Amino acid sequence: MRGWRPGVRASSLAALMTRSTWLTLAAMALLALCLAAAERFGNEYQVRLLHNVAVFITLAVSYHLINGVCGQLHLGPNAFITLGAYTAALLTLTPAEKAATFLLTPLIWPLREVSLPLAPALLAGGLVAAGFGVLTGFPVFRVRGDYLAIVTLGFGEVVRVAANNLQGLTNGPLGLKGLHPLDSLWWSWGVAGLTVLVVHRLKNSSFGRAMQAIREDETAARAMGVDAFRHLMLAYVLSAFFFGVGGGLLAHLITTISPGLFSFFLTFQLLIIIVVGGLGSTTGAVLSAVFFTLAGEWLRVVEEPRQVFGLMVPGIPGLRLVIFSLLLLLVILFFRRGLLGRREFSWAALGAWLSGGRRSKSRG
C-alpha cells in the first residue's frame, strides 16, 4: 500500500501506549496523595465517607460483572455480602469479645477460639462467599431471565433468614457488635482498586468478550463454541468473592451488623447504581457509586431547619429521598442506557474530547 510506513505507525502506537501508561500512573499517584492527605488532615466524618465510597465501588463493580458484562439478572448479591460480613466479623473478634457478644447461645467451636487480623479475615470472607457461589451456581444457571432472578432473590432471602435464626453462629437478630473499625483508607481503597483492575482486565480478555457475546445472544455464542455455563460460573464466583470481601469491609466500617442490614434493599441499591452508570460500563459503575454515596450524604441538608430570606424553613423528614428519586428519574428519562451506556474511560477518548472542544472554541 502506497504511503504506509509500518515503522512510523508502530512507533506512534508505542508512544500512545507509553503516554497512557504514564497518565494512568500519574492519576494513581494523585489519588494516593489525596487519600494520604485525607487520612492525615480529614475529620472522622470525611474519612468515613471516603471509606463508604470505596466499599460501594467494590460492590457495584462486582455486581456489574454479572449483570452488566454477562447480562444476567442476578438479584442475590446481598447473600454473598452477608456471608462475607459475618465471616470476617467472626474471625476478627477476640475470644473474649465473642463470649461477651454471644450471651444466649455460645458460638460454635472452633470459631469461638479463633481470632485473625483483618487481611486474612477479609480473604476468608471472600473465599466463603465464592464457595457458596460454586454451590449455588449449578442450580442457578439451569435457568435464565426472570427465573434466574427469582432463584437468586430466593437465595438471598434464605441466607438472611438463616442469619436471623442461627443463634450459635450469627447471634441471630442481636447481631454482632463492637467490631474493630477500619483504621486506614488503604484497606477500603486498595480493595476497590483491585476489584476495578481485575474486572476491567477480565472484561477486555477473551473470557470477557465471550461473556459479552453471551449477553448479546447466548444461542449464537454457543453456536460459535462458547461454553456459556463455564463463563457465567466464572463471573458469578468471581463477583461472589468480591462481594464477600466488600461485605467484610462494610461490617468493619459500621462496626455493628445484624441480618436486617442485608435485606433486598441493599441489592436494590446496587442495581440502581449499575443501571444509572450504564449496564456494561465499569467506568459507569465506579462513577455512579461515587455519585450515589456522596449525593446521599449531601442531600441531608434539605432535612435540616434553615433560615431562608429571613424566614425559618423547617426541615422535612424524607425530602432527601424525594429529591434523590427525582434525580434518578431525570437520569433514566434522558439517559436511557445510563450515564455512560457501555462506554469506558480512556485517555485517548479524553484527549479527543478536549481537542474537539478547543477546535469548536477556536471556530467560534
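The values are calculated or read from the model by the stated rules, or taken from the named source; none is laboratory data. These numbers come from a predicted model, not from an experiment. Cβ atoms come from the backbone with ideal geometry, glycine included; neighbour counts cover every protein chain shown.
For the reader, a short list of remarks on this structure follows.
- Residues of segment 162-186 classified as out of contact with any His (no Cβ under 8 Å at 6 or more places or on another chain), assigned to a helix (DSSP H, G or I) and in contact (Cβ under 8 Å) with a residue 24 or more places away in the chain, total: 10
- Taking the criterion of being within 23 Å of L23 (Cβ to Cβ), in a loop (DSSP other than H, G, I, E, B) and among the aromatic types (F, W, Y), the only residue of segment 334-352 that qualifies is F345.
- From the list T82, T136, the lone residue that is surrounded by 24 or more Cβ atoms within 10 Å (Cβ to Cβ), hydroxyl-bearing (S, T, Y) and either in a helix (DSSP H, G or I) or within 19 Å of the chain's Cα centre (by Cα) (or both) is T82.
- Number of residues in segment 137-181 that are over 17 Å from A100 (Cβ atoms), of a type in the set (S, T, Y) and in contact with a helix residue (DSSP H, G or I) (Cβ under 9 Å, 6 or more places away or on another chain) equals 1.
- Any hit, segment 88-101, residues being small (G, A, S), crowded, with 17+ Cβ neighbours inside 10 Å and assigned to a helix (DSSP H, G or I): yes
- Some residue of segment 234-250 being modelled with pLDDT of 90 or more, more than 15 Å from the chain's Cα centre (by Cα), of a type in the set (A, V, I, L, M, F, W, C) and assigned to a helix (DSSP H, G or I): yes
- Residue selected from segment 268-288 under the condition of a type in the set (S, T, N, Q) and under 11 Å from the mean Cα position of the chain (by Cα), by the criterion surrounded by the fewest Cβ atoms within 10 Å (Cβ to Cβ): Q269
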